[in-house]
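Working notes for the structure below.
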Amino acid sequence: MNILIVDDSAVSRTFLTDMLHEAGYDNIIQAESMEEVFAMFSRMEKPTCTLVDLVLLDIHLPGKNGIEGCRELKQIEQFQDVPVIIISGLGQLDNLELAFAAGAIDYLTKPPNRLELKVRIGSALKLKGEIDRRKARERELLEMTARLEEVNRELRYRSTRDGLTGVANRYAGDDFLSREWLRAIREQKEFSVIMIDIDFFKLYNDSHGHLKGDECLKKVAAALQRGIHRPADLLVRYGGEEFMALLPDTDPEGALSVAMTMKEMVERTELQHGSSMASPHVSVSIGIATARPGEGMPVEMLIAAADQALYRAKQEGRNRICMAGD
């Protein structure tokens, strides 16, 4: 425990220090004025309340008196919880009310009685210890709350992500689609859906093995994600080797541009696929549908149209893009 004595009398400071040493308190800091105290702590890079656990403050000091000094000390964050005991002569007790209003918690009269000094200092330090423990518990609770929030955020994120590819899962896609579809109805804006299927993926799995198949899915998903640039758009693993891109406020030309970019990104992966009848490398077939939804129009109609366009792309030889309505 560190105790700060502020008294302009060297005799008083020595007397108090000797009594504190006898009571078992060895870490004593002395200052003869509040100006010296503030100068002492201003030289420290980051003073903390652990540097001082108790202040014994003479009420009558040169320069700033004890009341002014206590008030200014309590305005410093690191000293707000540090107890201050005012030391006053018998003729200065009229100022005690002002001292308590400034932040002091107790007082001693000069010269202090040894037993009274020991008891009052013990009570003040006990109070300081309780405050420190309470603050430590509050910090622990705040840290625990922050960790729980981080865990919850991670759990929420993982619950919406496909475990293999890292893109949005079907659940997140359905939730996104229902919200954005209602928005498109309210605002009468076009909405586009792109369905993507990896060509001859079963043959790739059969010839390369399931581990390589998983790596293929990861790389294709990453390539498709690179084809989407707007934060408002969402790439979803729809199931197996099939993906879906949801593009709010996107017309057919915009959807086609996104689809072409995604197809090009997949081609750039240059994953060898010797069993494919569409390309020597892993390729994708893509179907696009766009609608400006009316009130009561089910979103399933748009999904079905995109799926039908994807079916046509497969029927026409794969490794191509088809748009609903072509």
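Looking only at the range 203-217, filter to residues that are in contact (Cβ under 8 Å) with a residue 24 or more places away in the chain and exposed (fewer than 14 other Cβ atoms within 10 Å of the Cβ); which one of those is nearest to ALA245 (Cα to Cα)? Looking at the filtered set, the residue picked out is ASP214. Among the residues making up the range 314-326, those that are hydrophobic (A, V, I, L, M, F, W, C) and either in contact (Cβ under 8 Å) with a residue 60 or more places away in the chain or in a strand (DSSP E or B) (or both) are ILE321, CYS322, MET323. Of all residues in the range 247-275, those that are touching a residue at least 40 places away in the same chain (Cβ under 8 Å) have Cβ atoms under 6 Å from Cβ atoms of residues that are surrounded by fewer than 14 Cβ atoms within 10 Å (Cβ to Cβ), 6 or more apart or on another chain, in PRO248/ALA232.
I'd like to check something: does the range 146-156 contain any residue that is modelled with pLDDT under 90 and among the acidic types (Asp, Glu)? Within the range 146-156, one or more residues are modelled with pLDDT under 90 and among the acidic types (Asp, Glu).
Would you mind finding the one in ALA221, ALA309, ALA259, ALA245 that is under 12 Å from ILE196 (Cα atoms) and in contact with a Cys (Cβ under 7 Å, 6 or more places away or on another chain)?
Working: ALA221 fails: in contact with a Cys (Cβ under 7 Å, 6 or more places away or on another chain); ALA259 fails: in contact with a Cys (Cβ under 7 Å, 6 or more places away or on another chain); ALA245 fails: in contact with a Cys (Cβ under 7 Å, 6 or more places away or on another chain).
Only one candidate qualifies: ALA309.
When every residue of the range 227-248 is checked against the conditions, none turns out to be of a type in the set (Val, Ile, Thr) and in a helix (DSSP H, G or I).
The set of residues from the range 72-92 being surrounded by 14 or more Cβ atoms within 10 Å (Cβ to Cβ), within 16 Å of ILE59 (Cβ to Cβ) and not basic (Lys, Arg) comprises GLU72, LEU73, PRO83, VAL84, ILE85, ILE86, ILE87, SER88, GLN92.
Out of curiosity, is VAL119 at pLDDT 90 or above and in a loop (DSSP other than H, G, I, E, B)? Lay out the reasoning, then the answer.
Values: at pLDDT 90 or above: yes; in a loop (DSSP other than H, G, I, E, B): no.
Answer is no for this residue.
Restricting attention to the range 262-295, the residues that are of a type in the set (Lys, Arg) and either surrounded by fewer than 14 Cβ atoms within 10 Å (Cβ to Cβ) or assigned to a loop (DSSP other than H, G, I, E, B) (or both) add up to 2. Can you tell me which residue within the range 108-167, out of those that are under 14 Å from the mean Cα position of the chain (by Cα) and of a type in the set (Ser, Thr, Tyr), is nearest to GLY24 (Cα to Cα)? The extreme case among them is THR145. Screening ALA99 on (1) of a type in the set (Gly, Ala, Ser); (2) touching a strand residue (DSSP E or B) at 6+ places or on another chain (Cβ under 7 Å); (3) at pLDDT 90 or above shows it passes everything except condition (3). Residues in the range 218-241 that are charged (D, E, K, R) and under 33 Å from the mean Cα position of the chain (by Cα) were compared, and the one that is surrounded by the fewest Cβ atoms within 10 Å (Cβ to Cβ) is ARG230.
Against the definition (closer than 18 Å to ARG170 by Cα, at pLDDT 95 or above, small (Gly, Ala, Ser) and outside any loop (DSSP other than H, G, I, E, B)), how does ALA221 come out, yes or no? Yes: the conditions hold for ALA221.
Is it the case, given these coordinates, that VAL282 is farther than 23 Å from TYR171 by Cα and either of a type in the set (A, V, I, L, M, F, W, C) or not assigned by TED's automatic domain parsing to the domain that holds ASP174 (or both)?
On the way: farther than 23 Å from TYR171 by Cα: yes; either of a type in the set (A, V, I, L, M, F, W, C) or not assigned by TED's automatic domain parsing to the domain that holds ASP174 (or both): yes.
When the stated conditions are applied, VAL282 passes them.
Among the residues of the range 292-326, not one is touching a Phe, Trp or Tyr at 6+ places or on another chain (Cβ under 7 Å) and under 21 Å from THR261 (Cα atoms). Among the residues making up the range 104-121, those that are under 22 Å from LEU51 (Cβ atoms) and free of Cβ contacts under 8 Å to residues at least 40 places away in the same chain are ILE105, ASP106, ARG120.
Between ARG186, ARG179, ARG161, which is buried (at least 16 other Cβ atoms within 10 Å of the Cβ), closer than 30 Å to THR261 by Cβ and without any contact (Cβ under 8 Å) to a residue 24 or more places away in the chain?
Values: ARG186 fails: buried (at least 16 other Cβ atoms within 10 Å of the Cβ); ARG179 fails: buried (at least 16 other Cβ atoms within 10 Å of the Cβ).
Of the residues listed, the single one that is buried (at least 16 other Cβ atoms within 10 Å of the Cβ), closer than 30 Å to THR261 by Cβ and without any contact (Cβ under 8 Å) to a residue 24 or more places away in the chain is ARG161.
The values are calculated or read from the model by the stated rules, or taken from the named source; none is laboratory data. For clarity, every value in this text was computed on a predicted model and none was experimentally measured. Using ideal geometry, Cβ is built from the backbone for each residue, glycine included, and neighbour counts are taken over all protein chains shown.
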